[in-house]
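Novice: Pasting a structure here, questions to come.
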Amino acid sequence: QVQPVESGGGLVQPGGSLTLSCVVSGRTFSSSVMGWFRQAPGKEREFVAFISGTGDITYYPDSVEGRFSIARDNARNTMYLQMNSLKAEDTAVYYCNRAGPGASGDYVGIDKWGKGTLVTVSS
């Protein structure tokens, strides 16, 4: 299985912005539906963004809609998550993965998880 490599996390003040990157090796990236997920301390991993293989379809849960933006560059096997107007509750380890439909109507990761990248929103 292909394991993604996430980067770009760090410490940011509330209201600030951050851009995460995810590199996925393998020739199937351009045909893969992808997603960003996050796991806050003491909580279950949750879905935060979805993008189709061609990048023309995106979807976000209400918690990040209007603040986060997902994009991909298939020529570079790379996916991005632009995060604006960050809040303390966005603090989490962020992961990328191929996305598949979940039982509750959102999306879940379907490949092996990478190490993630930590985003801390604090003043």
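Novice: How much net charge surrounds residue 17 when only the other residues with a Cβ under 13 Å from the Cβ of residue 17 are counted, with Lys and Arg +1 and Asp and Glu -1?
Specialist: Details: positive: 67, 87; negative: 90.
Value of the local net charge: +1.
Novice: Still on this structure, I have one more. Determine the per residue accessible area of the chain with all protein chains present and a 1.4 angstrom probe, expressed in square angstrom.
Specialist: Averaged over the residues of the chain, the accessible area is 53 Å².
Novice: Among 86, 11, 20, whose mean-square fluctuation peaks in a Gaussian network model of the chain (Cα, cutoff 10 Å)?
Specialist: Result: 11 has the largest fluctuation of those listed.
Novice: Right, another one. Would you please name the GluC sites (Glu not before Pro) within region 33-65 that are DSSP coil residues with at most 12 other C-beta atoms within 10 Å of their C-beta?
Specialist: Working: sites: 44, 46, 65; in loops: 44, 65.
Passing sites in region 33-65 are 44, 65.
Novice: Could you give the dipole magnitude of the chain about its Cα centre, charging the beta-carbon of Lys and Arg +1 and that of Asp and Glu -1, in debye to the nearest 20?
Specialist: Values: 11 positive and 11 negative charges, 74 e Å.
Roughly 360 debye for the chain.
Novice: Computing the accessible area with a 1.4 Å probe over protein heavy atoms, can you report the carbon and sulfur percentage for region 14-123? Don't skip to the end; give the middle numbers.
Specialist: Working: 2780 of 5700 Å².
Whole-percent figure for carbon plus sulfur exposure: 49.
Novice: Trypsin sites (Lys or Arg not before Pro), restricted to region 1-88: which are DSSP loop and have at most 10 other Cβ atoms within 10 Å? Could you put the intermediate results ahead of the total?
Specialist: Numbers: sites: 27, 38, 43, 45, 67, 72, 76, 87; in loops: 27, 43, 45, 67, 87.
Answer in residue order: 27, 43.
Novice: Report, as a whole number in µm² per second, the diffusion coefficient that Stokes-Einstein gives for the chain at 10 °C and 1.306 mPa s using the Kirkwood radius over alpha carbon pairs.
Specialist: Details: Rh = 14.2 Å.
Answer, rounded: 111 µm²/s.
Novice: Sticking with this one: Tell me which lysines have Cα within less than 18 Å of residue 87's Cα, excluding those fewer than 8 residues away on the same chain?
Specialist: 43
Novice: Follow-up question, since we're still on this one. Give me the compactness ratio for region 82-123, meaning the Cα radius of gyration over 2.2 N^0.38 Å. Walk me through the intermediate numbers first.
Specialist: Details: Rg = 12.7 Å, N = 42, 2.2 N^0.38 = 9.1 Å.
Taking the Cα Rg and dividing by 2.2 N^0.38 Å, one obtains 1.39.
Novice: Determine Rg/Rh for region 1-57; Rg is computed over alpha-carbon atoms and Rh is the Kirkwood hydrodynamic estimate from the same atoms.
Specialist: Details: Rg = 13.5 Å, Rh = 13.4 Å.
Result: Rg/Rh = 1.00.
The values are calculated or read from the model by the stated rules, or taken from the named source; none is laboratory data. Small disclaimer: the values here were computed from a predicted structure and weren't measured. A quick note on method: Cβ atoms are made from the backbone with ideal geometry, for glycine too, and the neighbour counts reach across all protein chains shown. Surface areas here come from the heavy atoms of the whole protein model, side chains and all, with no ligands, DNA or RNA. Shrake-Rupley method; radii C 1.70, N 1.55, O 1.52, S 1.80 Å.
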